[in-house]
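Right, one structure below, let's go through it.
The values are calculated or read from the model by the stated rules, or taken from the named source; none is laboratory data. Keep in mind that what you see is a predicted model, and the values were worked out from it rather than measured. Cβ: placed from backbone, ideal geometry, glycine included. Neighbour counts: every protein chain shown.
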Amino acid sequence: MKFLTDRKYALVMLFFSMAYCYLTVSLEADYDPTKEKYFPFFLSVAMIILSVLLFIFPSQHKNTWPKGQQLVSIFLLAVAILVYSLSLAHVGFLVLATLLMGVCMWVFGATIKWIAPVSVAVSISFYIIFDRILGLNLPTGILKFLF
C-alpha cells in the first residue's frame with residue numbers, strides 16, 4: 001500500500017514540477033546565474049528528477065500520516081508561509097522574516113527565550129548577505145526610513 005501512495009505523490013509532484021518548469025522557461029529573463037530565471041529553472045529540473053526517482057524507487061518505510069498536534073503544526077506553518085509570501089512586498093523582508101522564523105522556532109519547540117534574538121539575528125544576517133553582499137533587492141516595506 002505504501003508503494004501506491006508514494007507513486008501517487010510522485011505523479012502529483014511530477015505534474016507540479018513540470019508546470020513550474022514551463023512557467024520558469026516562460027519568464028522574461030536570461031539564464032544568467034544572477035538573473036531571476038536561473039535558480040527556479042534548475043530547481044524545477046531537480047524536482048522533476050526526484051519525482052521520477054520516487055516513482056521508480058518508492059520508500060521502503062512504513063510511515064503514517066500526521067494526526068492531532070502534528071496536523072495543527074503543519075497547518076500553522078502553511079498559513080505563516082502563505083501570509084509571508086502574500087505580504088512580503090508591503091511589509092518588508094526584515095519584519096516578515098523575523099516573524100516567520102519566530103513562528104517556525106515556536107512550532108518546532110524552541111525555548112521561548114531564544115526565539116526573539118535568534119529570529120532577529122538570522123533575519124538581519126540574511127538581509128545583509130542577500131541584499132547588501134549579493135545585490136539581490138529585498139523589499140524594505142514599512143522599514144523604508146532605515147534604508
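Scanning region 113-131 for residues that are without any contact (Cβ under 8 Å) to a residue 24 or more places away in the chain, within 17 Å of Gly92 (Cβ to Cβ) and either in contact with a Ser or Thr (Cβ under 8 Å, 6 or more places away or on another chain) or among the β-branched types (Val, Ile, Thr) (or both) yields Ser119, Val120, Ile128, Ile129.
Kindly list, by first and then second residue, each pair from a residue in region 25-49 that is outside the structural domain of Gly135 (by TED's automatic domain parsing) and more than 21 Å from Met13 (Cα to Cα) to a residue that is at pLDDT 70 or above and among the aliphatic types (A, V, I, L, M), limited to pairs with Cβ atoms under 8 Å and residues at least 6 apart or on different chains. Within 8 Å, the pairs are Glu36/Leu27. The listed residues are Ile115, Ile56, and the only one of them that is over 18 Å from the mean Cα position of the chain (by Cα), more than 28 Å from Phe16 (Cα to Cα) and not aromatic (Phe, Trp, Tyr) turns out to be Ile115.
Within region 24-75, being polar (S, T, N, Q), modelled with pLDDT under 90 and surrounded by 12 or more Cβ atoms within 10 Å (Cβ to Cβ) holds for Thr24, Ser59.
Residues in region 94-147 that are small (Gly, Ala, Ser) and in a loop (DSSP other than H, G, I, E, B): Gly109, Ala110, Gly135.
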